[in-house]
Ligand code: PMP
């Protein structure tokens with residue numbers, strides 16, 4: 001049974017009702033757990049998190065991606081403790097922030113220079129602003145259904161509706177269909193003189209790029225002097241140590257990072273070609289091209305310390321290969337369980353993530369992901385969480401270096417039971 005305890009008597013439900021009294025919808029952001037299994041987390045350890053009622057979960061949400069080395073990794077905890085004792089915020093340059101910036105430049109193919117921010121949305125916002133400054137053009141092309149953060153310039157065309165964005169902003173955005181090579185190239189060609197940038201996730205949500213798609217974007221943007229931005233928030237350090245750029249061998253002009261680079265602290269980055277990034281320098285000669293950027297916590301040393309320690313763990317020889325192997329064990333197992341149950345499905349994913357599509361069809365077609373049975377996914381989500389596996393099935397499974405074979409096997413057993421229960 002999903003809920004053996006009466007919800008109103010648990011510590012979680014007491015806290016949830018307090019949350020409703022002080023937060024709209026009783027939520028931090030837009031994510032809500034299925035209400036039958038909604039719970040409040042107390043702490044995490046490795047691949048697991050624990051709710052305030054003492055129930056343990058194998059965690060595949062991983063803080064929406066950042067906890068790629070698991071919760072409370074000893075090296076991250078030690079780095080945080082050390083930095084906390086040295087000071088947590090200076091605003092001025094710090095040795096920690098410089099070291100972290102160097103690590104990103106050394107690790108990211110397109111990164112000649114980087115700027116640190118506190119959230120992914122800020123990074124995509126600045127990527128767009130820099131592109132406009134560098135090209136003298138206003139428009140940005142993005143792909144339908146792509147999410148690049150919550151700001152006005154990124155929400156239009158995202159397929160997620162929000163009230164409150166100025167209608168004039170719609171005119172700064174063009175949209176195309178991910179993986180539609182001809183249609184996208186034609187739209188870019190037809191609007192080239194007005195286009196500052198094309199922003200794309202190398203893997204859009206769970207949809208992988210069709211062979212030739214990223215290559216075509218690279219070619220047409222180069223030909224027209226349009227900035228190609230890869231949003232590597234999810235793919236960075238997760239689908240490959242060099243992100244989507246490394247996995248597909250395409251180097252964008254700018255790239256945005258967040259999630260995994262910060263080890264769970266508020267840390268994100270904009271990286272790219274030095275001549276473009278130079279627009280962010282208040283010391284640049286051409287003052288007319290100067291792009292203002294600020295943020296009290298930019299390069300926050302506590303966050304940078306967590307970032308360095310996280311990259312230390314991930315870049316240790318063999319660590320990423322092991323992470324990929326564990327994730328592959330999950331993908332193969334999910335496929336087997338779905339096949340045994342006779343459910344129409346396909347399992348996608350690269351590196352340290354997996355996605356379950358409950359639909360047939362070409363995985364490169366974004367309509368396939370869109371068709372993935374929402375009712376069944378929601379049911380499975382609740383069944384899994386009820387069995388102590390924290391997933392967001394409508395999104396994806398994130399895997400960490402802390403997950404081991406036992407975690408995966410336990411997950412697959414719960415998945416088989418969940419399917420049996422959700423489809424009966
Ligand atoms: N781009 C992508 C691809 C994302 O997945 C996200 C976050 N889910 C963002 C941008 C925004 O990042 P943040 O939530 O840190 O602002």
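Please treat every number below as a calculation from the coordinates, not as lab data. Since this is a predicted model, take the numbers as computed values, not measurements. Every residue, glycine among them, receives a Cβ derived from its backbone with ideal geometry; neighbour counts consider all protein chains shown.
General remarks:
- Short to long, the 10 Å bins of the Cα pair-distance histogram for the chain hold 5, 21, 30, 27, 14, 3, 0 percent of all pairs.
- As a length-normalised measure over Cα pairs under 8 Å and 6 or more apart, the relative contact order of the chain settles at 21 percent.
- By the Stokes-Einstein formula, at 1.567 mPa s and 4 °C, the stretch 295-424 with its Kirkwood radius over alpha-carbon pairs has D equal to 80 µm²/s.
- Note on the chain: GNM, Cα springs under 10 Å; of 136, 44, 145, the largest mean-square fluctuation is that of 136.
- Taking each DSSP H run with n ≥ 4 as -39500 (n - 2.57) and averaging over every residue of the chain yields -12000 deg cm²/dmol at 222 nm.
- Relative contact order, percent, the stretch 1-90 [alpha-carbon distance under 8 Å, six or more residues apart]: 20
- Footprinting exposure proxy ranking of 207, 39, 10, 332, fewest other C-beta atoms within 10 angstrom first, gives 332, 10, 39, 207.
- With N counted as the residues of the stretch 78-203, its alpha-carbon radius of gyration over 2.2 N^0.38 Å works out to 1.30.
- Percent of Cα-Cα distances greater than 22 Å, calculated over the stretch 74-314: 51
- Ordering of 256-263, 296-303 by packing [mean C-beta count within 10 Å, highest first]: 256-263, 296-303
- Candidates 55, 142, 287, ranked by Gaussian network fluctuation over the chain, Cα under 10 Å, top entry: 287
- Among 112, 360, 182, the ranking by other beta carbons within 10 Å of each residue's beta carbon, starting with the fewest, stands as 182, 360, 112.
- Cα centroid separation, the stretch 181-197 to the stretch 90-119 (Å): 32
- Sorted fewest first by neighbouring Cβ atoms within 10 angstrom, 91, 290, 126 come out as 91, 290, 126.
- Residue of 165, 175, 117 that the Gaussian network model of the chain assigns the largest fluctuation, springs spanning Cα pairs under 10 Å: 165
- Using C-alpha pairs under 8 Å with a sequence gap of at least 6, the mean separation divided by the residue count of the stretch 74-314 gives a relative contact order of 31 percent.
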